[in-house]
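Just so it is clear, none of the values below were taken in a lab; they were calculated from the coordinates. In this text, all values refer to a predicted model and were calculated from it rather than measured experimentally. No Cβ is skipped: glycine too gets one built from the backbone with ideal geometry, and neighbour counts run over all protein chains shown.
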Amino acid sequence: MQQKSEAFEKEHHVTVRLIAGSTGRLYNQIMQGAPFDLFIAADDERPSLLMRRHKGEARFRIGQGHLGVKVGKQVISNLSMLVNPAIQHIAIANPDVAPFGKSARVVLQHQGLWEALKPKFVYAQNAMQAAMMVDQGLVDAGFVPLASQQHAIAEIDYQAVLLRDKALAKVWLANLAKPQQTRLAGCSR
Amino acid sequence: MNHIQITTRMGMLELQVDARFSNAIIIISGENGAGKTTLLRCLAGLEQAEGHLSVGGEIWLDSIAGFSLPPQQRRPGCVWSDTALLPWLSIEKNIVLGTDSVETEWLAELADMFEVKPLLQRKPYMLSTGEAQRVALVRAIYKRPSLLLLDEPFSAQAPAIRRRLRLGLKSLQGRLQIPALMVSHDVEDACMLADQHWHMRQGRLLHEIAQAKTGQEMLA
Amino acid sequence: MFEALFISLQLALATTVILLLIALPLAYVLAFKAFPGRTAMEVVVSLPLVLPPTVLGYFVLVMIAPDSVLGGAWQSIFDRSLAFSFSGMVFASVLYSLPFAVQPMQQALRAIPVNWLEMAQTQGMSAKQTLLKVMLPAAKGGVLVAAALSFAHTMGEFGVVLMVGGSIPGETKVASIALFDMVEMQQSDQAWMLALILLAVSFVMLSLVHAINQRGFDVGAGR
């Protein structure tokens, strides 16, 4: 996204400011009138809430994130390996707050592993932080974002909400999103 | 016999004292800055000094042997211009501070003699300067020290009470048989108390005048 | 919510008790002893005042990770990890609040009149007696302020415990992190209540500090 923004800046002679934050925090800021043009979240709940509260112009599905499990440097797909007592700590994004965490919880509950693994969990604020903990060797394993669909245990939809009817924002969105971009229903005021 | 032979440097002052003295009361006089307080502080071990010091047959300082007894072991009875009474302790607790058990009779006798009996249960902030000074004197003597170092111990006392305090001090010193070095500018102190009189100027003793006879004549 | 609050209180209490034990000798040394490296020691003690909590938290986390010397030793002795545990969080909090405990005590010890210490010496009091009967009573205000500040500071800690603790509910998820999550989840009623409780605790502790300072001043004036 950083690279795409830089290209966009050169092409259109504007400055694009990317503000990273957790979905919930950014949602709160938008509700309190933060001057953002576009909101991108790996979440369905907050974008639809924004639409319902008339803060958004339109909502799009713009792509997918891939949730995977890493044990040390190894990406694994068999989740029952995590039960192994050699694995003491598993980093997971806070499932109450972060979409990747929520998604991980759904998968684990589905496989009946949630309760067994719960004592091992160390909660990060988001998936990137969980990935950092695994990479630095601070934890033995973790639920992290993956670059590709291979080995992914779940997919998370990225959605974008156009907050202001700004022409350039629309161009940027078109630029960012893949061809499969779909406009979601119930989106206009 | 007690022996002082010390030198030390304190800023502008160069202290150089060599004296022998018996278990007597020695009045030290001299101008401000002559080194009177510094001399007492060296004896207490609160200032570093070079030389030799023996009190009551015990060696306190021998810098050639690299030996200096710390103040905790010299335990001199001190009265300084600042009484250093601890504000959170009662007067009685202040007096017995640092001793293991309370000798009730001894405390009562001293309290009586130096007129602090009614103050014993009070706190220091309730005392006048003169009262605090008398408490400091009782604290100095109560622990039965082997040397008394008194830096103008009666300076805050009214003349009438001063006379009674002198008598008390004289009789106690006689009973305890310890040397007492007392800085004073009061002629009456010198006359009534002094067995010896040292006059200091620029860190040195000018002369030692045996005052025993004169003192006794005055008392009689 | 009350679980997180309870953990915060436990953490603050444990941190305060340990800090008093560690900070007193440190403050004593810094107040009275001259030695090479004294300034460096003073700087290290006050470092947490200016270091971003997340930076300190990260350092501590790396320091107590299972593959580190400290973390490994802990693991082999207690057979459980120091990182992401309550004990690890206490360790981090102690480091983080160290200046809040050391500095008031150091100041209080330095403020003791030299005459009192000399009096203790000539009264024949040992170093231990002097500490217990003269220095500690004289520096009592400073010790109480140190305790109150350590407690309040630990209650309000966020960045360090976030890094070191891993926000595990029931073990390392403290009130400030719970509050943060509540806001993220748009649970504003609960967030309000928790914020008010934390505010009240801070208010009470700081009032205590001011009351102590005021009283210390009065005693000094009455002397």
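Report the calculated FRET efficiency for A:M128 and B:Q121 (r = Cβ-Cβ distance, R0 = 41 Å), to the nearest 0.05. Don't skip to the answer; put the middle values down first.
Values: r = 70 Å, r/R0 = 1.71.
Calculated transfer efficiency: 0.05.
Could you put C:H210, C:H153 in order, starting from the residue whose Cβ has the fewest other Cβ atoms within 10 Å?
On the way: C:H210 11, C:H153 22.
Going from sparsest to densest Cβ surroundings: C:H210, C:H153.
Report the calculated FRET efficiency for B:E188 and C:F203 (r = Cβ-Cβ distance, R0 = 56 Å), to the nearest 0.05.
That gives a FRET efficiency of 0.35.
Leaving out same-chain residues fewer than 8 places away, which aspartates and glutamates sit with a Cα under 14 Å from that of B:K93?
B:E103
Using a 7 Å offset from Cα along Cα-Cβ at A:S77, what residues in the range A:133-155 end up with backbone N under 19 Å from the label point?
Under 19 Å, as judged by backbone N against the label point of A:S77, lie A:142-155 of the range A:133-155.
Ranked from highest to lowest mean number of other Cβ atoms within 10 Å per residue, what is the order of the peptides C:93-103, C:30-40, B:181-191?
C:93-103, B:181-191, C:30-40
Please compute the volume of the convex hull spanned by the alpha-carbon atoms of chain A and report it per residue in Å³. Can you show the working numbers first?
Numbers: hull volume 24.5 nm³, N = 189.
About 130 Å³ per residue, rounded to a whole number.
Between C:L132 and B:A19, how many nm apart are label points set 7 Å from Cα along the C-beta direction?
4.0 nm
Highest mean first, what order results for B:33-46, A:51-64 on Cβ atoms within 10 Å? Working shown, then result.
On the way: B:33-46: 22.9, A:51-64: 17.3.
Result, highest mean first: B:33-46, A:51-64.
Take the alpha carbon atoms of the range C:74-143, find their center, do the same for the range C:36-68, and report the distance between the two centers in whole angstrom.
Centre-to-centre distance over Cα atoms comes out at 19 Å.
How far apart, in nanometres, would the label points at B:T7 and A:W114 be if each is projected 7 angstrom from Cα along the Cα-to-Cβ direction?
According to this spin-label approximation, the distance is 8.9 nm.
Using Cβ counts within 10 Å as a stand-in for footprinting exposure, how do A:R25, B:R74 rank, fewest first?
So the ranking, lowest neighbour count to highest, is A:R25, B:R74.
Compute the Cα gyration tensor for chain C, then decide on rounded, prolate or oblate, letting a ≥ b ≥ c be the square roots of its eigenvalues: rounded whenever a/c is under 1.5, prolate when a/b is larger than b/c in the other cases, and oblate in all that remain.
It is oblate, given that a/c is not under 1.5 and a/b is not larger than b/c.
How much mean residue ellipticity at 222 nm does chain C get from its helices, if each DSSP H run of length 4 or more adds -39500 (n - 2.57) and you divide by all residues, to the nearest 500 deg cm²/dmol?
-25500 deg cm²/dmol
In terms of the Cα gyration tensor, with a ≥ b ≥ c the square roots of its eigenvalues, is the range C:123-223 rounded because a/c is under 1.5, prolate because a/b exceeds b/c, or oblate?
oblate
Tell me, what is the percent relative contact order of chain C, built from C-alpha pairs under 8 Å that lie six or more residues apart?
Details: 274 pairs, mean separation 67.7, N = 223.
Answer for chain C is 30 percent.
Can you tell me, using C-alpha contacts under 8 Å and at least 6 residues apart, the relative contact order of chain B as a whole percent?
Once normalised by length, the contact order is 29 percent.
Helix-derived [θ] at 222 nm for chain B: sum -39500 (n - 2.57) over DSSP H runs of at least 4, divide by residue count, nearest 500? Intermediate results must be reported in sequence, preceding the final value.
On the way: 8 runs with 76 residues, N = 220.
Value at 222 nm, helices only: -10000 deg cm²/dmol.
C:S188 versus C:A40, label points 7 Å from Cα toward the beta carbon: distance in nm?
5.3 nm
Anything over 30 Å Cα to Cα? Flag those among A:K4/A:K70; B:K36/B:K143; B:K123/C:K33, in the order listed. Walk me through the numbers before you get to the answer.
Values: A:K4/A:K70 28 Å; B:K36/B:K143 24 Å; B:K123/C:K33 32 Å.
Exceeds cut-off: B:K123/C:K33.
Taking the Cα atoms only, what angle lies between the long axis of helix C:175-184 and the longest principal axis of chain C, rounded to 10 degrees?
Roughly 30 degrees between the two axes.
What number does the protein assembly as shown give for Rg over Rh if you use C-alpha atoms and the Kirkwood radius? Display every interim value, and only then the final one.
On the way: Rg = 37.9 Å, Rh = 30.9 Å.
When Rh is taken as the Kirkwood radius, the ratio is 1.23.
Could you please state, rounded to a whole Å, how far the C-alpha centre of the range A:81-123 is from the C-alpha centre of the range B:1-73?
Taking the Cα centre of the range B:1-73 as reference, the centre of the range A:81-123 is 77 Å away.
At a Förster distance of 45 Å, what's the computed FRET efficiency of A:R53 paired with C:T54, Cβ-Cβ distance as r, to 0.05?
Calculated value: 0.90.
So what is the relative contact order of chain A, in percent, for Cα pairs below 8 Å that sit 6 or more residues apart?
That works out to 35 percent.
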